[in-house]
Amino acid sequence: MSEKQNLLNFDRKGLEAFFAELGEKPFRATQVLKWVHQMGVSDFELMTNLSKTLRERLAEVAEVRLPEIVFEQKSEDGTYKWVLELDGQNRIETVFIPEEGRGTLCVSSQVGCALECTFCSTGQQGFNRNLSTAEIIGQVWVAARALEGKARLTNVVMMGMGEPLLNFKNTVASLNLMMDDFAYGLAKRRVTVSTSGVVPAMYRLAELSDASLAVSLHAPNDELRNELVPINKKYPIAELLEACKHYIKDEKRRKITFEYVMLSGINDSVEQAHELKNLLKDVPSKVNLIPFNPFPNTQYKRSSNNAIHRFTAVLKEAGLITTTRKTRGDDIDAACGQLVGKVKDKTKRQLKAQQVAI
Ligand code: SAH
Ligand code: SF4
């Protein structure tokens, strides 16, 4: 086992503390951030604005260790997917979606997910562990290098595998790096955390980060949401919406995006659209409808285009900005909710599922 500090685990403050321990000045942190994240350099020997002594010292005590790419796939529509090896037991997936004038990277925060949303294949797979900051920001590093000269990475969404707010500290450090001018320099409106509604962590995030927030709502009432998004039993809709309002109280953040997966015959009726419209009446919001992406053994079906249009019409009529997410990269299983990686489940959930199947 390597005892060296992986510098990818540190945001700027963390790196400053690391250099302070070595008896170095804080500006070393910005120098190293630039080398590692902007220039993609992982070999200290090449960091020529550091003294030779410091480079040698760094080589002794530190390293820049990245997740290993198992393979890269490119979809017919230009979507990329990378499968990354973490520790021999676990793999995660990262997806890049090019669009007119922008490019969005969808980043994972955990190996699997401990919350068992019924329509999500990641959730059905079980959970192994949180990703380190190095493993989260490593996904951005890998994509930025692979896309050099081909496409521009302008947005990051934490909508891959896992619940980012249940891996709070590492998520915040990674967000800091994404938005740091000396690392990836992304605008705060272009960095989005998606949560299924871990209410206390939403309040803490409001203190610590300017990232945009997307909330996976998926149902217009507690009864249905309890079924689809089980964490709702702990943090019901009223508490969730309070936390949303708090998050955008500050002028810097303007709207919450509510994600709503369209499941045929479950949550896509015109009545439910009205219910949703009333629910969001006094929360500045945008609604993003996500056509359900099927996966093996799921009980759900994607809503018809007609149902999606009818649902959209009700929300738009009420003045809510409503978009429908285009399904991208499904030919390479890179669409929302299709990311599975390889999860060595520690929750015995896969075993339970097998027993039910038998
Ligand atoms: N755990 C976080 C972020 C990861 S999931 C969250 O739940 O918000 C990212 C988005 O994909 C969420 O809105 C999630 O509900 C949605 N999603 C999950 N499974 C899906 C599926 N099979 N089809 C379409 N969207 C899905
Ligand atoms: Fe976890 Fe999000 Fe999937 Fe729910 S939708 S199981 S919170 S990854």
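Determine the calculated [θ] at 222 nm for the chain from helices alone, applying -39500 (n - 2.57) to every DSSP H run no shorter than 4 residues and normalising by the residue count; nearest 500 deg cm²/dmol. It comes out at -9500 deg cm²/dmol, rounded to the nearest 500. Considering only Q89, Q139, Q124, the mean-square fluctuation computed in a Gaussian network model of the chain, springs between alpha carbons under 10 angstrom, is largest for Q89.
For the chain, carbon and sulfur atoms together expose 49% of the accessible surface, with a 1.4 angstrom probe and every protein chain in place. The mean accessible area for residues of region 68-357, using a 1.4 Å probe and ignoring ligands and nucleic acids, is 44 Å² per residue.
Mean-square fluctuation check for the chain, GNM, Cα pairs under 10 Å: which of N293, N155, N306 is largest? Comparing N293, N155, N306 in a Gaussian network model of the chain, the most mobile one is N306. For the residues I290, I237, I266, a GNM of the chain with alpha-carbon springs under 10 Å puts the largest fluctuation on I266.
Under a 5 Å amide H cut-off, with hydrogens placed 1.01 Å from N, F258 pairs with V215, K286, V287, N288 among residues at least 5 apart or on other chains. Scalar couplings 3J(HN,Hα) for region 46-53, obtained by applying the Karplus form with A = 6.51, B = -1.76, C = 1.60 to θ = phi - 60°, are 8, 8, 6, 8, 9, 5, 4, 4 Hz; x denotes Gly and Pro. Of all lysines in the structure, those lying under 19 Å Cα to Cα from K150, and not within fewer than 8 positions of it along the same chain, are K74, K81.
Taking amide hydrogens as placed 1.01 Å from N in the peptide plane, the amide H of T324 sits under 5 Å from those of L289, each at least 5 positions away in sequence or on another chain. With only Cα atoms counted, region 97-215 has Rg and Dmax values of 13.9, 41 Å.
Summarising the overall dimensions of region 88-160 from its C-alpha atoms, the Rg and Dmax are 13.5, 40 angstrom.
Once you've got the Cα coordinates, tell me which of K34/K169; K286/K316; K249/K281; K301/K326 are over 19 Å apart. Numbers along the way, then the final one.
On the way: K34/K169 22 Å; K286/K316 10 Å; K249/K281 16 Å; K301/K326 16 Å.
With Cα atoms farther than 19 Å apart: K34/K169.
Label-to-label distance for A151 and R102 is 1.4 nm, based on points extended 7 Å past Cα in the beta-carbon direction. Cα centroid separation, region 201-250 to region 148-171: 19 Å.
Take the Cβ atoms of A59 and K316, set R0 to 41 Å, and the FRET efficiency comes out at 0.10. Remark on G197: its backbone amide H falls under 5 Å from those of S216, a criterion applied only to residues 5 or more positions apart or on other chains, H modelled at 1.01 Å from N.
Net charge of the neighbourhood of G197, taken over other residues with C-beta under 12 Å away and scored Lys/Arg +1, Asp/Glu -1, is -2.
If you count the DSSP beta bridges with both ends in the chain, what percent of them are antiparallel, to the nearest 5? Before the final figure, lay out each step's value.
On the way: 22 of 48 bridges.
So the antiparallel bridges in the chain amount to around 45 percent.
With all projection directions averaged, the alpha carbon convex hull of the chain covers 18.9 nm².
The values are calculated or read from the model by the stated rules, or taken from the named source; none is laboratory data. Since this is a predicted model, take the numbers as computed values, not measurements. Every residue, glycine as well, gets a Cβ built from its backbone with ideal geometry; the counts of neighbours run over all protein chains shown. When the accessible area is computed, the model is the full protein with side chains, heavy atoms only, and any ligands, DNA or RNA have been set aside. Shrake-Rupley method; radii C 1.70, N 1.55, O 1.52, S 1.80 Å.
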